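Throughout, read-outs are computed from the coordinates displayed, never taken from laboratory work. Values in this document were obtained by computation on a predicted structure and should not be read as measured data. Neighbour counts run over all protein chains shown; Cβ positions are idealised from the backbone, glycine included.
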Amino acid sequence: MEEILKVDKLTKIYGKDNNKVVALDKVSFTVNKGEFVAIIGASGSGKSTLLHLIGGVDRPTSGKVFIEGEDIFKLSDDNLAIFRRRQVGLIYQFYNLLPILNVEENIKLPVELDGKKVDEKDLTELLKTLGLESRRKHLPNELSGGQQQRTSIGRAMINHPAIILADEPTGNLDSKASDEIMELLKLSNKKYNQTIIMITHNLELASQADRIIKLEDGRIVEGE
Amino acid sequence: MNLLHRLTKKNLELNRKRTIVTIIGIILSVALITAVSTVFMSGYKSIVQFEKVFYGDYHMVFEKVDEDNFNRIKNNRYVEHYFYSNEIGYSKLEEGKNDYKPYLYVLAFNKDGLDKAGLVLLDGRYPENENEVVISSHIKTDARVKYNIGDTLELDVGKRTIDGVQVGQHIMYDTEVGEELVDITHKTYKIVGLIERPSNVVEDFSAPGYSVITYTDHPSEKSSIYVRFNKDGLKHSKKAISSLMNIDYSLYLKMNDDDLTEEEQAQMVQDVNYDINANEYLMTLEGGLFDNKMFESLGKIVAVVIGIIIVTSVFCIKNSFDISIAEKTRQYGMLASVGATKKQIRKNVFYEAFRLGLVGIPCGILLGLFASWILIIITNLIFKNFLSVYDYNFLIFSISIPAILVSIALGIVTLFLSSLRSARKASKIAPITAIRNSEEIKIKANKVKSPKIIKKIFGVGGEISYKNLKRSKKKYRTTVISIIVSIAIFISLSSLMTLLYKTIKQEYSGKDYTLAVNYRLEKIENEKQKREQIINLDGVKDYAITNAMGGYVIENEGVNFSEEYTKATDDNVNRYNEYGGEYKDLILARVGDHAYKNYLKKLGLKEEDVKGKGILWNYAQVYSAKKADMVKVECYNINKNVKTLHLSKLQYDEEKHEEYVEKFADIDLVEVTQDKPFGVTVNGSATLILDDETYNKLVTDQVPYNEILIDADNADDLQDQIEKILDGDDFSITNILEDVRMMRALVLLIGIFLYGFITVIILIGITNIFNTITTNMELRQKEFAMLKSVGMTKKEFNRMVRLETFFYGTKALLIGLPIGIALSILLYYLLTNATSLVNYPIPYVPVLISIVAVFVLITCIMKYSISKINKQNIIETIRNENI
């Protein structure tokens, strides 16, 4: 199977001297294309830090991350940003949509940042998949939490990235909406062979993934 | 439009209030720059126009050239335009009262010349044929010969010669040298108009003939040709001049440096056998704006002013970008996390600036042009009184394209500088901040400790507001600095105004009269009767009939120069005392019965007590080398024991070429005062005021002379009436009202400009304060909601906000007031000197205004923000987790 992500001895230390906190301690693992990986761990175990490093929104103290063979921390900030918008889709617990853009515009954002035009057929199909077809012109605050999260999933998927990173995507939702989101993620995983890495502390949700990586005090204790 | 741009547009529309306020800031700043540069350019154009109208629209004049030269000059490639004049000749003006101007000088201009030689028509019209003339007005005022429009002039016109050599207007009339008019022909002219005395190129200051100007339509064999350079000629004026003189350029340069050999000099005299005069001022004015000394230094002032405007505006506008970035931190973080590059984000901020500028700059330009148009109209209205006779507008409004382009460029620079830092800051926002909640608030616990006293005095609300201030120091710093800048500028400039007014008031306080009539008694027929007539005229508010005599010396031991006097003259080698400086000079003066009695009343003295005694006006004006100007000081320090002044008189021994003192008189002293009677002006030493009888008895070696000083509102009318009464007599009359009015108008004008400037700077400051406060309040909505949710009542909340207002209002005042006062003291010392009698005016009123205005302003803005916050639902605000 094709290896899409390789994490190599990734270390992240916050603070200095006495205040030193080792968030990640030489974490290494690989993810293959089309895999749906769940990362679980208690709060403070370093799972969010790991996700941010993989997504290239933060830089490690040491160690490497390869996405499709590319050592992402060797890229300049700008190139990393470009790499991110093309190859990584991020989904946050709090959606992080731009309140003044409507659903469609929020989803189109990464493509437009590339100065490209969105293929209308693709977009319509995506909106249909997300179940937001009738809401495409709505602003985020006119949507329910689940709908907002689906919009942010749409934004993550629009560029067909190599990898989707989801940070507690259902953390802020009720169980019905959570189920919908999980279905959607699983669907994209199956339908588009989309690689997904999801952080959660909900074991039930984690169990729906292909593989579970468990973090404890910045170390992988299970699922390496 | 791409998505990012659309995002910006939406953001701007969403924050309409702040967008509008920011645009107002930009408009004000650009308008100020435009107004300053437009007024500057209009001033320049006005002065060029003024020069053209009053001194002539030509750069060089070649006098009495022959036909060959005439044709050569008029066809020269540097000449844009020319006109010419022919000398007709001189005619004796028999009734003339000025001994040094015994002639009428008849001169003919062609039509263009009448328009462009700087002749200013006061009445009637210009001559249209060779039998009509206009005469200059000083034939009436100076020579006191009355000719009226419509009169016929019968003149015997000839050439003015000295020892057989023909001479013109440049040679002074000397009564000792015999000169005569030859080749006399009789001419008859009809007077059709009255002109102002022509400029000194046409009629020299010491010209012997009054100008009488007629018309001609063809050059004579010895015409003077006046040329106006074209652009090329103005640019290369030296080349143009040498070319017009028909000499080698290098030779011309040598001549300019006084480097010619004798041979060359002789050759030059032979080749250039005519006089050349230049209208140099116009030439330098038009040659290049900044080649001119006055405009060079004015330009520097304008540059400094524009610099201040830009710095102030950059500071203020920058602030609104900063706020916008702070608000949008999460937005930029999110954009970064979905892959926006730094460059894209930077560009986004600049795009925001671009959109704001797109509206603000054109509006600013228009507003600036409008404001300068109004200013120029006002200026012209103020100055109308002085130039009304000419039907001439002092300032012309000129829209200068380069000035506008410069303003646009500076506006863009201002905006660019304003957004630069924000753009950098925005692009540096790490994508992680979008995920974490906020980066703006970074606090260290020990930094927000508040003194216990605050809690004691102001309660919990006070403590929280104090901590808020400390926590968001940076945010409030802009507000506080905006207030400080506004206060400092307001206080310093308004005390500058006060100082200007005071100085001018003092400058003219010596001159409490508006009309001065001078004459020697023997030159007036029926002097007494005419004097009575004058002082009884309607409109005479107060008057004095004065005379004064200097050259007296106080010999008393107990009289010494005052500290003020010594201080003012200390560094001064040439003490303001023409007799060597060691003498304690005194001037004796009388003011006439009327003014003297009023003076006694003012001092509370009885006539019988002072009869034959003196009142010392202990006040003098001396030259201070330090200040390079005259300063007014208390003159003497007089010991209380001094009851009688022992006076000597300075005399000059013609044979020994020495001065000596001679015992003069002892005069009892009744009073030493800083008060003066009406009509006496400040002198180089103290003045002893005497009653008429005593003065006349003591001062015997003086030509009987009167100066009638009159205070009147309608000085112009009165002047006419007095001139009528003294018609035919030898006298001189001075109208000071004109000067005073001119000065006052000038102060008013400076006031309008300064206060206009203050107003706009303060407005920029207010937009800034408004922006920071309202946004800060909005950004803290969540915090306020939290406070309310834990049970803070509306009353407590309002109290907390009020306290916050009070805290930083006080902080701004504590810093702003001293800076403003320090600046005003600095200005005071720059403009006056320590010895000036105008004491530093403590700017109570501006300080008070500042204090009240600051609190009223902040309270209003806070109230406005609170009213918006109070409308919001607590839970909604807290739960609103979106960006």
> How far, in degrees from 0 to 90, does helix A:120-130 lean away from the longest principal axis of the Cα atoms of chain A, to the nearest 10?
Replying inline: 70
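Multiply the residue gap between residue B:405 and residue B:358 by 0.36 nm, knock off their C-alpha separation, and tell me the result in nm, one decimal place.
That pair, residue B:405 and residue B:358, stretches by 15.5 nm at full extension.
Classify the protein assembly as shown as rounded, prolate or oblate from the Cα gyration tensor: take a ≥ b ≥ c as the square roots of its eigenvalues, call it rounded if a/c is under 1.5, otherwise prolate when a/b beats b/c and oblate if not. Mind dumping the intermediate values first?
On the way: a/c = 3.46, a/b = 2.05, b/c = 1.69.
Prolate, because a/c is 1.5 or more and a/b exceeds b/c.
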> Remind me, relative contact order of chain A in percent, using alpha carbon pairs under 8 angstrom and six or more residues apart?
Replying inline: 31
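So what's the net charge close to residue A:13: Lys and Arg +1, Asp and Glu -1, counting the other residues with Cβ under 15 Å from its Cβ?
Its environment carries a net charge of +3.
When the chain is fully extended, how far beyond the present Cα-Cα distance does residue B:98 get from residue B:644, taking 0.36 nm per residue of separation? Mind showing how you got there, number by number?
Working: separation 546, 0.36 × 546 = 196.56 nm, distance 4.63 nm.
Full extension from residue B:98 to residue B:644 adds 191.9 nm.
In debye, nearest 20: dipole of the protein assembly as shown around its Cα centre with unit charges on the Cβ of K, R (+) and D, E (-)?
On the way: 138 positive and 143 negative charges, 2332 e Å.
Using only the charged Cβ atoms, the result is roughly 11200 debye.
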> Out of B:559, B:698, B:594, whose Cα points farthest toward the positive end of the dipole of the stretch B:542-711 (charges: +1 Lys, Arg; -1 Asp, Glu; placed on Cβ)?
Replying inline: B:594
> In nanometres, what is the gap between the two model label sites at residue B:829 and residue A:216, each 7 Å from Cα along Cα-to-Cβ?
Replying inline: 7.6
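Work through the residues other than residue B:67 whose Cβ is under 13 Å from its Cβ and net out their charges, Lys, Arg +1 and Asp, Glu -1.
Its environment carries a net charge of +1.
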> Once amide H atoms are placed 1.01 Å from N in the peptide plane, what residues at a sequence separation of 5 or more from residue B:605, or on another chain, have their amide H within under 5 Å of its amide H?
Replying inline: none
> So, with +1 on the Cβ of K and R and -1 on the Cβ of D and E, and no other charges, what is the size of the charge dipole of the stretch B:304-377 about its Cα centre, to the nearest 20 debye?
Replying inline: 380
> Around residue B:122, which amide H atoms from residues at least 5 apart in sequence, or from another chain, sit under 5 Å from its own amide H, with H modelled in the peptide plane?
Replying inline: B:194, B:195, B:196
>> Give me a comma-separated list of calculated 3J(HN,Hα) values for the stretch B:128-133, in order, Karplus coefficients 6.51, -1.76, 1.60 applied at θ = phi - 60°, integers in Hz, x for any Gly or Pro.
In response: 10, 9, 6, 9, 10, 9
>> If I model a spin label as a point 7 Å beyond the Cα along the Cα-Cβ vector, how far apart are those points for residue B:269 and residue B:729 in nm?
In response: 5.2
> Ratio of the stretch B:105-229's C-alpha Rg to 2.2 N^0.38 Å, to two decimals?
Replying inline: 1.05
>> Explain nothing, just the number: dipole magnitude of chain A about its Cα centre with +1 on each Lys and Arg Cβ and -1 on each Asp and Glu Cβ, in debye rounded to the nearest 20.
In response: 240
>> Which residues does the label zone of residue B:14 cover in the stretch B:319-337, counting backbone N under 12 Å from a point 7 Å along Cα→Cβ?
In response: B:327-332
>> Taking 8 Å as the Cα distance limit and 6 or more residues as the minimum spacing, I'd like the relative contact order of the stretch A:16-118 as a percentage.
In response: 15
> R0 = 35 Å: FRET efficiency of residue B:296 with residue B:174, Cβ-based, nearest 0.05?
Replying inline: 0.30
> What relative contact order, as a whole-number percentage, does the stretch A:132-213 give when Cα pairs under 8 Å and 6 or more residues apart are counted?
Replying inline: 30
> Under the Karplus relation 6.51 cos²θ - 1.76 cosθ + 1.60, θ = phi - 60°, what is the ordered set of whole-Hz ³J(HN,Hα) values for the stretch A:35-43, x standing for Gly and Pro?
Replying inline: 7, 10, 10, 10, 10, 10, x, 5, 5
> Measuring from centroid to centroid over Cα atoms, what is the spacing of the stretch A:185-224 and the stretch B:358-380 in Å?
Replying inline: 66
> Considering the zone a paramagnetic label at residue B:246 would reach in this model (a point 7 Å from Cα along the Cα-to-Cβ line), which residues of the stretch B:70-99 have amide N under 15 Å from it?
Replying inline: B:70-77
>> At 0.36 nm per residue, and after removing the present C-alpha to C-alpha distance, how many nm does the segment from residue A:128 to residue A:191 gain when stretched out fully?
In response: 21.3 nm
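Chymotrypsin sites (Phe, Trp or Tyr not before Pro) within the stretch B:148-235: which are DSSP loop residues with at most 11 other Cβ atoms inside 10 Å? Kindly include the intermediate steps, with their values, before the conclusion.
Values: sites: B:173, B:189, B:205, B:210, B:215, B:226, B:229; in loops: B:173, B:205.
Taking the stretch B:148-235 and a limit of 11 other Cβ atoms within 10 Å, the loop chymotrypsin sites (Phe, Trp or Tyr not before Pro) found are B:205.
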> Which far-off residues, 5 or more places away or on another chain, put their amide H under 5 Å from the one on residue B:59, with H placed in the peptide plane?
Replying inline: B:227, B:228, B:229
>> Suppose each label sits 7 Å from its Cα in the direction of the beta carbon; what would the residue B:129-residue B:231 distance come out to in nanometres?
In response: 4.3
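How would A:31, B:338 line up from fewest to most surrounding beta-carbon atoms within 10 angstrom? Can you show the working numbers first?
Details: A:31 22, B:338 27.
Placing the least packed residue first, the sequence is A:31, B:338.
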> Taking springs between alpha-carbon atoms closer than 10 angstrom, which of A:17, A:25, A:210 fluctuates most in the Gaussian network model of chain A?
Replying inline: A:17
> Tell me, how many Å apart are the Cα centres for the stretch B:112-154 and for the stretch B:230-286?
Replying inline: 34
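Is the shape of the stretch B:57-278 best called rounded, prolate or oblate, per the rule: a/c under 1.5 gives rounded, else a/b larger than b/c gives prolate, else oblate, with a ≥ b ≥ c the square roots of the Cα gyration tensor eigenvalues?
Details: a/c = 2.18, a/b = 1.53, b/c = 1.42.
Prolate, since a/c reaches 1.5 and a/b exceeds b/c.
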